1. Three principal axis extents, largest first, for the C-alpha atoms of the protein assembly as shown, in Å?
2. Of the trypsin sites (Lys or Arg not before Pro) in the range A:119-188, which ones lie in a loop per DSSP and count no more than 16 other C-beta atoms within 10 Å?
3. Given A:LYS52/A:LYS246; A:LYS223/B:LYS152; B:LYS47/B:LYS75, which pairs have Cα atoms separated by over 21 Å?
4. How many nm separate the modelled label positions at B:ASP236 and B:SER22, each set 7 Å beyond the Cα in the direction of the Cβ?
5. Along the three principal axes, how long is the range B:127-264 when you take its alpha carbons, biggest first, rounded to the nearest angstrom?
6. Could you give P(r) for the range B:34-245, binned at 10 Å from zero, as whole percent values over all Cα-Cα pairs?
7. Which residue, chosen from A:TYR123, A:ALA259, A:HIS241, occupies the Cα position most advanced towards the positive end of the dipole of the range A:22-272, where the dipole is computed from +1 (Lys, Arg) and -1 (Asp, Glu) charges on Cβ about the Cα centre?
8. Quick one: the Cα spread of the range A:1-68 along its three principal axes, in angstroms, biggest first?
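Read the figures in this text as sums done on the coordinates, not as results from a lab. Treat the numbers as computed from the prediction; the structure is a model and nothing was measured. Cβ atoms come from the backbone with ideal geometry, glycine included; neighbour counts cover every protein chain shown.
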Amino acid sequence: MTSIGTGYDLSNSVFSPDGRNFQVEYATKAVENGGTSIGLRCKDGVVLAVEKLIQSKLLVPGSNKRIATVDRHVGIAASGLIPDARHFTSRARNEASSWRKQYHGAIPVSSLADRMGQYTQAYTLYSSVRPFGVTCIIGGVDEEAGPSLWMVEPSGVGWGYFGAATGRGRQAAKAELEKLDLPNLTVEEGVKHAARIIHIAHGDNAGKDKDFELEMTWVRVDKANVVEVTESGVVKGHGRHEEVPKELVEEAEREAKKALEVEDEEDEKMEES
Amino acid sequence: MNHLPEAWGRPRDDVYGAYDHSHLRPSMPNQHTQEPIVTGTSVVALKYNGGVVIAADNLASYGSLARFSNMERLKQVGTHTVVGASGDISDMQYLFDTALEDLVIKEEYQNDGHHLRAKHVYSYLSRVMYHRRNKFDPLWNVLLVAGWDDGKPFLASTDLLGTTFSAPALASGFGASLAVPLLRRVCPDEESVAKISRERAIEAVEECMKVLFYRDARSTNKYTMAIVSGEDNKVDIEWKKDVELQKQSWKFAEEIRGYGAQIV
């Protein structure tokens, strides 16, 4: 970064003369070094998946989760500094819980994303704090909008997506997400694509020699809680965030690995000919 | 000019007279709940060899007025437990819709494969009840907690004082006097639970609901029943909603003075 040493990056909330906020940009860099997270908004639910790099073989498999349950119907996947993500989800849980106390109902995912965006943005304003070193993908299903997927960045900006990706493999993941017809996918199809995309994103990066665990959750509406199914098949109702069943994840991973091998073979043939 | 800031912008005492502060301050001490307002009557529950049967009618009374006739008073908490409440309906709604919902959602944060079992829900509820009684602001209910816990049927009660009590056959309210003796004929002690089948337990609870409807003036003929079973190590909760009492017989009424046709 050319502007290093100019002094405009020493304190939070200080602009450089060309209108940049360096502390926020550094926070974004921290996210870019974290394991990949993706989210898929399908027509009948949302899928969240993360590439969890194994820091040590001594860790218990399945520990140090990076996708958290915020309320029955909302989950958050995070890339970047894990402790920051913990604080972010803790705040999100408080927002969801206080919404329930005040309005006797589940918080709409858009409102939660909006509030979390405001909260994150406040951490770019004061010299006594630093910005969040995480980008969080918030996925859930509510009665009003049905499945919805939001991504909140360290700057506090938060947008709604059909497919979202962050972390070190985000470029490859985004390229793959763009190929999908997300509005018409079911969550079951979404799970397979998510597994494949995480494997592609992992292979595309510097950390590819490291082992990783695939962590995957979904938010779906139980049959009894469906409020409305629109003409295009979008299911609205009280969603439920839970881990994708083990068998499904294993099957999706098997297929993902197979698809990758086939791709590699084709690449080799191309090179030979 | 009055130099005290608190008097600024207020009507002048010398023109309008001193301000009557009694409008601001209540003349009575702060009162907590002294009596329940809208109430539900008995909850009845019985253990059997593979689980627990629990039932409560669907009436919420306002004094002696049958005010709401579709008020369900049983709630499933998590996967292993059903809670039934008699007494104040608004306190029940606080417990069911706010406190227990919050408890279950927060338990799911951990995502460690563990779930709240009946014993845990019961412990939580009895602590809340005792805490509120110590604040002299009790939740005016008697709660029955039915569920499957550690490979055994679970049934226990707590009340507005935070008293805890457990037995293989329990009933709250009017049912504590009328239903419990009937249930104890079927199930006198913990040992006899093993001999009671699911069908026998349902039949006994149905019979109690009928007797309660005959004799309890705050009851109705429509009720909700839940059967928590733990057969083959799989917990299952079967719901029977809006059940109407079957095969009523009011013959006994004829012989009772002040009940049905008068006999001098």
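1. Largest first, the protein assembly as shown extends 109, 87, 49 Å along its Cα principal axes.
2. A:LYS179
3. Too far apart for the 21 Å limit: A:LYS223/B:LYS152.
4. Spacing of the two 7 Å Cα→Cβ label points: 6.8 nm.
5. Between the extreme Cα coordinates on each principal axis of the range B:127-264 lie 55, 44, 29 Å.
6. For the range B:34-245, the binned pair fractions read 9, 37, 37, 15, 1 percent.
7. A:TYR123
8. 45, 40, 18
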